[in-house]
Each structure stands twice: as C-alpha cells, then as structure tokens.
Amino acid sequence: MTDGTESQTPSFRRKGFRFDVFRLFTWVASAATVATLVCIAASILVQAWPAIAHFGLGFFTTVAWKTSDPENYGVLPYLVGTAISSLIALLLALPLGVLIAIFLSENFLAPPLRNTVRFVVELLAAIPSVIYGLWGIAVVIPIVQRIGGPIAGALGFLPLFQGPASGNSMLTASLVLALMVLPTITAISRTALVAVPGQLREGSYAIGATRWETIFGVLLPTAAPGIVAATILAFGRAMGETMAVAMLIGNSPRLTWSLLSPAGTLASLIANKFGEAEDLQVSALLYAAFALMLFTLLVNVVGELVLRRAQKSISGLR
Amino acid sequence: MKTTSSRFAGLIALIALSPLSVYAATQLQGAGATFPAPLYQRWIAEFSKANPGIQINYQGVGSGAGIKQFTDGLVTFGASDAAMTDAQIEKVKQGVVLIPATAGSIVLAYNLPGVETLKLSREAYVGIFLGKITKWSDPAIAKTNEGVKIPDLNITVCTRSDSSGTNFVFTGHLSAVSSDFKSQVGQGTSVTWPAGVAGQGNDGVTALIKQTQGAIGYVEYGYAKNNKLPFAQLQNKAGEFVAASPESGAATLNTTQFPANILRAWPSDPDGKDAYPIATFTWLLLYKTYSDKDKLAALKKFVTYGLTDGQKLSNDLGYIPMPAEVVQKCEAALNSVQ
C-alpha cells in the first residue's frame, strides 16, 4: 500500500464518499466485458451486412447453400437442425440430470462416495468436445447404424423416423449432445437442491410426508429456479456446440424432420464452410452467426423471465 | 533473482541477434489449395536442399483463402484448384499469370464388403449422386457388374461439407454428363446435394466411407490410394470403363485444349478411349510483375523446378505428372513473369 491510498482510507469510510479503487476495478472489468460483447456483435453485423441486405429475412426460409448458378444461401434446414438437436438433447438430459442431482443431494450414499460420483459427473464437462466427437464416431454411430434400420422399418410412417437410416444423423448428434450437457444440468440442479433450507424438509416430514413426497412436492419446486437456470445454460451450450456436432450430424444441406437422417446445425454450418468461403458466402456465414447469437440471447431472456416468475411464486416459501 | 534476470537478458539478446546469425535468405510466401499441398511441401523440401538461400513457406489454407491472400498482396504466390475467374483476375493490379502446376483425378471410393471391382455407368453414378438410385441392388448397377456379388445394402452417398475445388470439379463433370444434374444441382464449390451425408475435407469423406457399409463418395485419387479404399471404374465419354491411374489421368490431360491467352481449362468430359472422366489441373497464381528482383528470380527457379524435376515426384504422392506439351506452355507463361 502506498501513502496515497492510506490517506484515502479514512475518507472512504466517511458517509457519502463513494470512491474506492476496488469499485473502480470492478466497474472497468464489467464495462470491458459488456464492451467486448458489443464489439463482437457489431463487427459480425457489419460483415454480415451484405448478406442481410441481399437476402433479407428470406435467408431464414430458404433451403440452399450454393456458391454458383446463381449464388444462393439460406439457413432454414440448419435452423431446424439446431432447434431439434438441442431440444432432444435437453429432453434426454433434463430428467436424467435432475434425477442424478436428487440422488447426489440426498443422503443415499456415504458422503465420500457421493462426492466421488459428483466429481465424476462434473468431470464430463471437462472433456474436450472433439473427444466427444471421436467417441461418437467410434461408439454411438455403430449403435445408431444397427438400430436405425429396424426403427425406420417399424416407425417409418412417422416423419420423425423416416428412412433411410444413417449413422451420421440428428439422433447421433442429439445423443452425444445430451451427454455433453448432462454435467451442466446436474451440477447446477444439485447446488439448487442442496440450498433448499432444512426447515422446509423438516416441516414436510412433520406433517407426515414421505421422503419421495418431500422431494417431489417440496424440494424440487423450491429448487425450480436453479433447475430452470441449469436448463437454460444447457440449452445454450447445446445450440452453440460445434465440433462434436459437425463430426456426427452428417452435415446435410437438406430440410428434414427425421431423426435418422443426416442434418446440420448453424454452428456446424459455420465450422464447415468458413475455411474456404469467399465474398458473399463469408457474409452469409456471418449472418448465420449473428442469427445464432440472437437465438442464444433469446433463450437466455426467456429463461430469465421464467426464472423471475418461478422465484416470485415460491418467494413465500423462503 | 540476479541469475534469472541475467539469463533473461541473455535470451533477449539471443532472440534479437538470431536473424543476423543466419544470412539473409530470400523468403517466398505461398498460400492456397489444400489438394496439392502435400506435393508442394515435398517440392519445397527437395528444392531447399539444393538452394539453401531460398526459404519457401506454403500454407494449405484452401483455394478461396489463397485467392484472397494473393489478391490482397499478402503472399508471393497463390494456389487454387479453381484457377481464378476473369472477375477475380481484374482485381489484381500487378496482373496475373496462371500456371498449371500439377493434376489429379477424383475417384468414387466405396465400402462394399467383398467387392473388389465395381464398374459404374454414367447413368448409375449420376443417379446415385442425384439420390435417385438408393440401393446397391439397383438394375442400373447390376447391369454393368455381371458376376460380381454386390451386397444388398442401402447406398450412403458421402459428399464434402466444405466449399472446395474438388466439389467444383466433380459437380462440373456431373453437370457436363447429365442435364438433370445441371438443372437440379449445378456446378459450384459448394452445392445443395440431394442425398447423403457430408464430411469436412478429403479426410472427412474418407472417414465417412470407411465407417459406413454401403457408402460411396468422391475423394482425390491420392487419398483413396493412401487409405487403401477401393474405387470404381467409371464409364467415359467413349463408353469404356476406366480406373483412375496416372496413365488414364494423363490421357485425360492430353485432350485438354487451353485458350490462346490463358492456361485455364477443365477437361470436364474428356474424349478418348483411355481417358479417365474426372481429372483436373491445379494452378499456381503468380503476379505478372514483381518489384523485388531477388524474389522474382527465386520464384522462377522454384516454379521451373516444380515443372521439371518436381513432376517426377507426382506419381508417388498420387498426382498425375503433366504432359510435356503442357509443361512447355507453362514454361513459356513463366517466362512472361517479370
């Protein structure tokens, strides 16, 4: 500490004087974060502008990615692919993740064992996504190849399971995505469950509820804001996941509703095409990137709103 | 503390002085197509042994990025599988000289257990890539493969997910052969394929073919050869079934007619009984004039090496050595660079 700050300390303590170095640093740090985000969004928007001006909103309803005769770009299949693959991943990972979180927040296991399991689940988040991709190629694709044909044969009348079945497909990508978002859901849900005040549990037992009634009737509703937050984070991660998806989804430019067909996502589109893209195609890819950013933002805003409502409805409980 | 800082100072001095310890070498920067990159790297390695005063660095960043860096003047030379269009050439102030540097074939590699030779008629392979033929038991395939036991599998078409010169050449051939393909898909570095799964780069497509029974996909001849993937004999314009090889590729290149003013042409559907139907040149992009005469001399020496001795390395790496006639034209074009 220098003399200068020492002489400032008493004045800082005086009521009404709001300046201190620490506060300044936190201000600068948060402003820099916001500024970075704004800069990224602005530079993407600027570079995407030629495509935005050229294609307008039709970009989101067009099925094409052609560099000549004539040049035409649209992201409808990739938009649908992003939505479907993330939703399915969430559909699979959410129940599983919450159940794991309940298991790890109750006293079913001795604490050392419980912590080991928790650690292992959270370790899933530390695996690089390219490893998930390789694992998907080595393990999940052969499984999907084997079961895909019979599924398409039996349920092919549903658009969701239309054949021909392919190993590199929406299903494969969704399964691996589900595993990738599982630790996010588990970790945050568990923290929320552990944070539920003990009196609530005791109160529930006191009026004669069983353990399961307590978990589903009291603990889960109380922890709901945390679980919703976990879901939003997981959804965001699933939407933006690139490497593993690009390796597994089959990168098809066609619009499909079938889980057994190859598909594509916005993130995998950008990863695939950017390397060799030129002129308008670069701009179109940045347009797609901008759209992806907007959608992630939208998911977060919706999540935030849901979170607030949920918090309000249970605020009496706390 | 003292020893660390003095060591640190020593290190700084070393870094600062190191350019002086090597005598000033002429540096050439190149960037572009990935397809010829293995051959160019080999040329550079061999050439550098004989010419230690010239340092060459080639980055396989893709044809599109290569053209861009070349146009922006960031490199000494560029490289592209799709040459350069007239519009692109106009943007380069110093002028452009296109030099075909090597050539390659594109093969249809497949994964069919027990099938060692496969003959595909034009009707068959166009139908497969249009998504109209979906089973290996299709009569269009059976017709040309009497006596071959082809498993009854679904066809998985494997395509490139990235924009690439390979796409451009392959879709160019299919468009030349089939008016349906031309109207429904068309030629381009990236097209909307009506069927199949897609992988990134030759590696990605090769991996897809290897992991999927019943797969067929287009890759550079060298990749199929190195990965020991079987590939189909294709029916050429004369009606013969021809396998890709350096000889059949050379037969294709021999039929190529260049326009008078520029060395740019694609043999999209070659004549000739022995010609393999899908082969293409790949180009080095040079400026018409260079202000740095040392660089100019080094570059000319390197390209001359590539066109002469360098061609002998082609076979090993899965490329097609260029016909002598084409090499002569290239040397003449190289002489016009100043």
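The values are calculated or read from the model by the stated rules, or taken from the named source; none is laboratory data. Since the model is a prediction, treat every value here as computed from it, not as a measurement. Note: ideal-geometry Cβ built from the backbone for every residue, glycine included; neighbour counts use all protein chains shown.
In region A:243-254, the condition of being within 22 Å of residue A:130 (Cβ to Cβ), among the hydrophobic types (A, V, I, L, M, F, W, C), within 8 Å of chain B (Cβ to nearest Cβ) and crowded, with 22+ Cβ neighbours inside 10 Å is met by at least one residue.
Counting only residues that are within 14 Å of chain B (Cβ to nearest Cβ), in contact (Cβ under 8 Å) with a residue 60 or more places away in the chain and under 26 Å from residue A:237 (Cα atoms), how many does region A:65-114 have? Full working, then the answer.
Quick first cut of region A:65-114, residues within 14 Å of chain B (Cβ to nearest Cβ) only: A:65-78, A:81.
Now restrict to residues that are in contact (Cβ under 8 Å) with a residue 60 or more places away in the chain: A:65, A:67, A:71, A:73, A:75-78, A:81.
So of that shortlist, the ones also under 26 Å from residue A:237 (Cα atoms) come out as A:65, A:73, A:75-78, A:81.
Residues meeting the conditions: 7.
I'd like the full set of residues that are free of Cβ contacts under 8 Å to residues at least 60 places away in the same chain and not polar (S, T, N, Q), limited to region A:115-127. Passing the criteria: A:117, A:119, A:120, A:124, A:126, A:127.
Out of the residues in region A:49-64 that are closer than 25 Å to residue B:63 by Cα and away from chain B (no Cβ under 14 Å), which is surrounded by the fewest Cβ atoms within 10 Å (Cβ to Cβ)?
A:49
Tell me the residue from B:317, B:284, B:307, B:296 that is hydrophobic (A, V, I, L, M, F, W, C), crowded, with 18+ Cβ neighbours inside 10 Å and touching a Gly at 6+ places or on another chain (Cβ under 8 Å), please. Full working, then the answer.
Working: B:317 fails: crowded, with 18+ Cβ neighbours inside 10 Å; B:307 fails: touching a Gly at 6+ places or on another chain (Cβ under 8 Å); B:296 fails: touching a Gly at 6+ places or on another chain (Cβ under 8 Å).
Result of the check over B:317, B:284, B:307, B:296: B:284.
The condition (being buried (at least 21 other Cβ atoms within 10 Å of the Cβ), modelled with pLDDT of 90 or more and at negative phi) is satisfied by just one residue among B:45, B:31: B:31. Of the residues making up region A:168-199, those that are touching a residue at least 60 places away in the same chain (Cβ under 8 Å) and loosely packed, with under 15 Cβ neighbours inside 10 Å are A:194, A:197. Among the numbered conditions (1) over 19 Å from the mean Cα position of the chain (by Cα); (2) modelled with pLDDT of 90 or more, the only one that residue A:97 does not meet is (1).
Take the conditions at positive phi and either part of a helix (DSSP H, G or I) or within 14 Å of chain B (Cβ to nearest Cβ) (or both) and apply them to residue A:133. Does it pass?
On the way: at positive phi: no; either part of a helix (DSSP H, G or I) or within 14 Å of chain B (Cβ to nearest Cβ) (or both): yes.
It is false that residue A:133 is at positive phi and either part of a helix (DSSP H, G or I) or within 14 Å of chain B (Cβ to nearest Cβ) (or both).
Step by step: first the residues of region A:259-281, then only those that are part of a helix (DSSP H, G or I) and hydrophobic (A, V, I, L, M, F, W, C), then the one that is surrounded by the most Cβ atoms within 10 Å (Cβ to Cβ). Which residue is that? Here the residue is A:269. Does residue A:219 satisfy the condition of being touching a helix residue (DSSP H, G or I) at 6+ places or on another chain (Cβ under 7 Å), within 14 Å of another protein chain (Cβ to nearest Cβ) and either touching a residue at least 12 places away in the same chain (Cβ under 8 Å) or under 30 Å from residue A:198 (Cβ atoms) (or both)? Criteria not met by residue A:219. Against the test of being at pLDDT 85 or above and either among the aromatic types (Phe, Trp, Tyr) or surrounded by fewer than 22 Cβ atoms within 10 Å (Cβ to Cβ) (or both), the options B:19, B:36, B:100, B:52 yield a single qualifying residue, B:52.
Those helices (runs of 4 or more DSSP H) of region A:153-227 in which 2 or more residues are closer than 17 Å to residue A:90 by Cβ and within 18 Å of the chain's Cα centre (by Cα) occupy A:170-194. So residue B:180 ticks every box in (1) at pLDDT below 90; (2) touching a helix residue (DSSP H, G or I) at 6+ places or on another chain (Cβ under 9 Å); (3) more than 23 Å from residue B:83 (Cα to Cα); (4) of a type in the set (Asp, Glu) but one. Which box is left unticked? The number of the failed condition is (1).
In this structure, residue A:285 does not satisfy being modelled with pLDDT under 90 and not in a loop (DSSP other than H, G, I, E, B). If you go through region A:149-156 one residue at a time, do you hit one that is surrounded by 15 or more Cβ atoms within 10 Å (Cβ to Cβ), more than 22 Å from residue B:197 (Cα to Cα) and in contact with a Pro (Cβ under 9 Å, 6 or more places away or on another chain)? Checked region A:149-156: no residue is surrounded by 15 or more Cβ atoms within 10 Å (Cβ to Cβ), more than 22 Å from residue B:197 (Cα to Cα) and in contact with a Pro (Cβ under 9 Å, 6 or more places away or on another chain). In region B:244-256, the residues that are closer than 23 Å to residue B:229 by Cα form Cβ pairs under 6 Å with partners that are among the aromatic types (Phe, Trp, Tyr), at six or more places apart or across chains, as follows: B:244/B:221; B:244/B:276; B:248/B:276; B:249/B:276; B:252/B:276. Picking from residues in region B:151-162 that are part of a strand (DSSP E or B) and either more than 7 Å from chain A (Cβ to nearest Cβ) or within 21 Å of the chain's Cα centre (by Cα) (or both), the one that is surrounded by the fewest Cβ atoms within 10 Å (Cβ to Cβ) is B:157.
Is it the case that some residue within region A:130-145 is buried (at least 19 other Cβ atoms within 10 Å of the Cβ) and aromatic (Phe, Trp, Tyr)? Full working, then the answer.
Pass one, region A:130-145, residues buried (at least 19 other Cβ atoms within 10 Å of the Cβ): A:132-133, A:136-137, A:140-141, A:144-145.
Cutting the leftovers down to aromatic (Phe, Trp, Tyr) gives us A:132.
Yes, region A:130-145 contains at least one residue that is buried (at least 19 other Cβ atoms within 10 Å of the Cβ) and aromatic (Phe, Trp, Tyr).
For region B:61-148, the helices (runs of 4 or more DSSP H) that sit wholly inside it and include 2 or more residues that are touching a residue at least 12 places away in the same chain (Cβ under 8 Å) are B:63-71, B:122-129, B:139-142. Do you know which of the residues in region B:127-150 that are touching a helix residue (DSSP H, G or I) at 6+ places or on another chain (Cβ under 6 Å) and among the β-branched types (Val, Ile, Thr) is nearest to the other protein chains (Cβ to nearest Cβ)? Among residues in region B:127-150 that are touching a helix residue (DSSP H, G or I) at 6+ places or on another chain (Cβ under 6 Å) and among the β-branched types (Val, Ile, Thr), the one nearest to the other protein chains (Cβ to nearest Cβ) is B:133.
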